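Student: There's a structure below that I have some questions on.
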Amino acid sequence: MLNSIDFNRRMTDVEYRLETKAVRGELANLQHRMKESKLPVIVLFEGWDSSGKGSMIANMIQTLDPRFFKVHNTKDPTPEEQRHPFLWRHWLRTPEKGKMAIFDESWYPEVSRARIESNLSTEEAYSRMESINTFERQLSQDGCLIIKFFLHISCKEQAKRHAKLMEDKNTRWRVTERDKFRNKHYKEYYRVYDEMLEKTNTVFAPWHVISAHERRSAMNEIYSIIVDSIRTALDKPKIIVPSEYQSQVHTFHLVKKPKLDEVPLYRRIEEDKYRTMLRHEQKKLSKLHNIVYRERIPIIIAYEGWDAAGKGGNIKRLTSALDPRGYEVIPIASPTPVEKMHHHLWRFWQNLPKDGHVAVFDRTWYGRVMVERLEGFCTEEEWKRAYQELNEFEYELEKWGAILIKFWLHIDSDEQLRRFTERQNTPEKQWKITDEDWRNREKWDLYETAVNDMIRLTSTEYAPWTIVESQDKKFGRIKAIQTLNDAIEARL
């Protein structure tokens, strides 16, 4: 892509003022339309050192209302950020609907410059590029407009700009030894940049390579692309999924699981045997947790199940064996107003543990294909698309190195009614039962269909569902801890 750029484009100051006056005014108007239409926009600038990324961002934001945009100056990941998945810190910076996020460098240095400066292997670089394409596609399909610029200058032009900065003692500090190294090895960087552009130039988020030899013509081209892109995004009635989409979607191998009505629920454990087994499994888990912490293996445990299936008690027995400094239980309720203004996976990316730690989710990202599906909180297109998104999310966790355990706590309808009635009639347990629980019970058959679909379509080889027979809570608790212990031992 880089070899097709013409460095000879020029524009006079008069031409620049005449051509950009109207387009700058339109950009200001479009920003308010973005806010009204709840269109999130990401504008990211990548390119060579000294290509003018900072000055062009500074020029651009003079046109915008500062209440509705944020500029992110992305640096190398900190030691703390390196303990999370590669895309974790970038997911957290995605904009709310109706706002704009402007990136002075973004996730791309971690798949380009890192190959030269951090010994990132080609295999890992390609894997990260695949993750980036998935990330950008998910955001785009959720309604986010992504505009990507790469500011291109020649090796000679870069050296000339470095020399000019070095002439003045007030700007000399801006040219670092790393900048000099990058100019000296321009051809090597050219190769990794060009490959990055080719592999991440998608129909959802295409690259715009800009000749940055002359600032005015570059800025004029940037303004025109931003305005045209936002105008197009606002005018189209909905996101059109192009045919090329299918070639960009990962195909996952699914593990066959029984339907809920095929799972026997008669299994039980006597009290004495339960106490002995619980102590044994908890003691084993406690030892394994110490090893996991030392080996920096992240663990994510996802609990779903019928209301009153015993999730709380199950979680309590499992976490009792863990060092409280090394785990967190994350209860998931209805999304907050801020969470609703982001992609539905945003709030779950926020709560991922760092490596060596355990996150226990009491309800999970699967609400999209259950309660949101059945209660009409998202469109049919959105919840059908979510199966793929959820598999991709968990695939990122697997690539990161996480142990991911997914439990569905299963009981039958009669047992749920018995537990509901007991809660209703026991004063100290009445807080556990709500009108919503009774309403959901009326939709048992619909929920069972949704759960069967969920298990069938998201039980992947790397993250299969474990159906926990919780008709007898004691049996369910033992099975959950044993399943976790087995998974950790298999990894170790």
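The values are calculated or read from the model by the stated rules, or taken from the named source; none is laboratory data. Remember, it's a predicted structure, so these values are computed and weren't measured experimentally. Here the Cβ is made from the backbone with ideal geometry for all residues, glycine too, and neighbour counts use every protein chain on show.
Student: Just one of (1) of a type in the set (Lys, Arg); (2) in contact with a Leu (Cβ under 8 Å, 6 or more places away or on another chain); (3) farther than 28 Å from Ala308 by Cβ trips up Arg368, so point out which.
Tutor: (3)
Student: Any residue at all in the stretch 345-356 that's crowded, with 16+ Cβ neighbours inside 10 Å, without any contact (Cβ under 8 Å) to a residue 60 or more places away in the chain and more than 19 Å from the chain's Cα centre (by Cα)?
Tutor: Within the stretch 345-356 (the criterion being crowded, with 16+ Cβ neighbours inside 10 Å, without any contact (Cβ under 8 Å) to a residue 60 or more places away in the chain and more than 19 Å from the chain's Cα centre (by Cα)), the answer is no, since none of the residues qualifies.
Student: Still on this model: Determine whether the stretch 15-22 contains at least one residue that is closer than 14 Å to Ile222 by Cβ, surrounded by 19 or more Cβ atoms within 10 Å (Cβ to Cβ) and in contact (Cβ under 8 Å) with a residue 40 or more places away in the chain.
Tutor: Yes; the residues of the stretch 15-22 include at least one that is closer than 14 Å to Ile222 by Cβ, surrounded by 19 or more Cβ atoms within 10 Å (Cβ to Cβ) and in contact (Cβ under 8 Å) with a residue 40 or more places away in the chain.
Student: When the residues of the stretch 13-61 are filtered to those that are among the aromatic types (Phe, Trp, Tyr) and at pLDDT 95 or above, which remaining residue is farthest from the chain's Cα centre (by Cα)?
Tutor: Going through the qualifying residues, I end up with Trp48.
Student: Now for a different question. Do any residues in the stretch 185-202 that are within 22 Å of Ser140 (Cα to Cα) have Cβ atoms under 7 Å from those of residues that are at pLDDT 95 or above and part of a loop (DSSP other than H, G, I, E, B), where the two are at least six apart or on different chains, and which pairs are they?
Tutor: Met196/Ser112
Student: Let me ask something else about it. With respect to Ala309, is the statement that it is of a type in the set (Gly, Ala, Ser), touching a residue at least 24 places away in the same chain (Cβ under 8 Å) and touching a strand residue (DSSP E or B) at 6+ places or on another chain (Cβ under 8 Å) true?
Tutor: Here the answer is yes, as Ala309 does meet what is asked.
Student: Looking at (1) surrounded by 19 or more Cβ atoms within 10 Å (Cβ to Cβ); (2) under 26 Å from Gly401 (Cα atoms); (3) at pLDDT below 95, can you tell me which one Asp76 breaks?
Tutor: Exception for Asp76: condition (1).
Student: If you don't mind, another one. Quick one: is Asp13 touching a Lys or Arg at 6+ places or on another chain (Cβ under 8 Å) and among the charged types (D, E, K, R)?
Tutor: It is true that Asp13 is touching a Lys or Arg at 6+ places or on another chain (Cβ under 8 Å) and among the charged types (D, E, K, R).
Student: Tally time: how many residues in the stretch 108-152 are among the charged types (D, E, K, R) and closer than 16 Å to Arg89 by Cα?
Tutor: Total satisfying the criteria: 3.
Student: State all residues of the stretch 255-303 that are outside any helix (DSSP H, G or I), of a type in the set (Phe, Trp, Tyr) and either modelled with pLDDT of 95 or more or within 21 Å of Glu394 (Cβ to Cβ) (or both); if no residue qualifies, say none.
Tutor: Of everything in the stretch 255-303, just one residue is outside any helix (DSSP H, G or I), of a type in the set (Phe, Trp, Tyr) and either modelled with pLDDT of 95 or more or within 21 Å of Glu394 (Cβ to Cβ) (or both), namely Tyr303.
Student: For the stretch 451-466, what are the residues that are more than 12 Å from Lys256 (Cβ to Cβ), buried (at least 21 other Cβ atoms within 10 Å of the Cβ) and touching a strand residue (DSSP E or B) at 6+ places or on another chain (Cβ under 6 Å)?
Tutor: Ala463
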